[in-house]
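What follows is a set of notes on a single structure, which appears directly below.
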Amino acid sequence: MDIDFSLNDKAALVTGGASGIGWAICQLFVAKGARVAIADLNSAAAADRAAELGPQARAYDLDVTDPESVTRAVDRVSADLGRIDVLVNSAGIAPLAPAEELGLDIWDPTLTVNLRGTFLVAQAVGRLMLADGSGSIINLASQAASAALDKHAAYCASKAGVVGLTRVLALEWGGRGVRVNTISPTVVMTALGRYAWSGPEGDAFKKLIPAGRFAEPEEIAAAALFLASDASLMINGADLPVDGGFLAR
């Protein structure tokens, strides 16, 4: 067993890799020896990020909600990197509204990006991994998959769906060498997280977290590294909270 958490000789695809948690994961994966495909709707940002990381990274245009875009991107990544050993589904959105005011203009995109997008990419990459007989799929869920959060009706529903989907894939694919797990972060201090949770509302929410603070993107990346590495070969169908104890209440 490799307990150095090395990703040497592994090829990884990270959706939403140009920003936030996805970007932190791309940086750590490259540092641990992986060749990384940075896939993002913002292709220009993905290209800039890949240039920053050097020859171990490549950029790809990807709309996770569009089956044709998913097929095209996955085929290109597989051809360029030779295979896909690790998939991280990090692309997601989080528009908020009180449930009684929540319109389909929020509900539909949230479910489409967060749940449908996760399924489409996992299915496309999973088929390749099943043919190879190995692989690790890591889906970004949220503490909102397991706990009700104010104004998060669409987001909670989408992330609960991601956890349910992940368990089914783990059940169906685990015996054929493909592991599928989720990570469930608390609020993460990405640029978006800092903007959305600054001020009194953020201060109040921190009091609900036993650790007394929000997570840093690098802490989510560390969890992804563990699940991507061969040190976690016996972990399948699990949800790993990175929440400072929020869900322990």
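The values are calculated or read from the model by the stated rules, or taken from the named source; none is laboratory data. Please read all numbers here as calculations on a predicted model, not as lab measurements. Note that we place each Cβ from the backbone using ideal geometry, even for glycine, and neighbour counts take in every protein chain shown.
Taking every residue in the range 230-249 that is surrounded by fewer than 19 Cβ atoms within 10 Å (Cβ to Cβ) and pairing it with any residue that is aromatic (Phe, Trp, Tyr) and in a loop (DSSP other than H, G, I, E, B), at least 6 positions away or on another chain, the pairs with Cβ-Cβ distances below 9 Å are 230/5; 231/5. Any residue at all in the range 176-187 that is at pLDDT 95 or above, closer than 19 Å to residue 138 by Cβ and assigned to a helix (DSSP H, G or I)? Yes, that holds for at least one residue.
Within the range 128-135, can one find any residue that is outside any helix (DSSP H, G or I) and under 24 Å from residue 184 (Cα atoms)? Yes; the residues of the range 128-135 include at least one that is outside any helix (DSSP H, G or I) and under 24 Å from residue 184 (Cα atoms). Residue 22 falls short on exactly one of the conditions (1) of a type outside the set (A, V, I, L, M, F, W, C); (2) over 22 Å from residue 93 (Cα atoms); (3) surrounded by 23 or more Cβ atoms within 10 Å (Cβ to Cβ), and that condition is (2). Just a yes or no: is a residue in the range 33-54 among the acidic types (Asp, Glu), surrounded by fewer than 18 Cβ atoms within 10 Å (Cβ to Cβ) and part of a loop (DSSP other than H, G, I, E, B)? No, that holds for no residue. Number of residues in the range 217-229 that are more than 17 Å from residue 143 (Cα to Cα), under 14 Å from the mean Cα position of the chain (by Cα) and either buried (at least 21 other Cβ atoms within 10 Å of the Cβ) or among the hydroxyl-bearing types (Ser, Thr, Tyr) (or both) equals 3. When residues in the range 181-230 are screened for being within 18 Å of residue 3 (Cα to Cα) and in contact with a Phe, Trp or Tyr (Cβ under 6 Å, 6 or more places away or on another chain), 2 of them pass.
Among the residues of the range 127-145, is there at least one that is within 29 Å of residue 85 (Cα to Cα), basic (Lys, Arg) and crowded, with 24+ Cβ neighbours inside 10 Å? There is no residue in the range 127-145 that is within 29 Å of residue 85 (Cα to Cα), basic (Lys, Arg) and crowded, with 24+ Cβ neighbours inside 10 Å.
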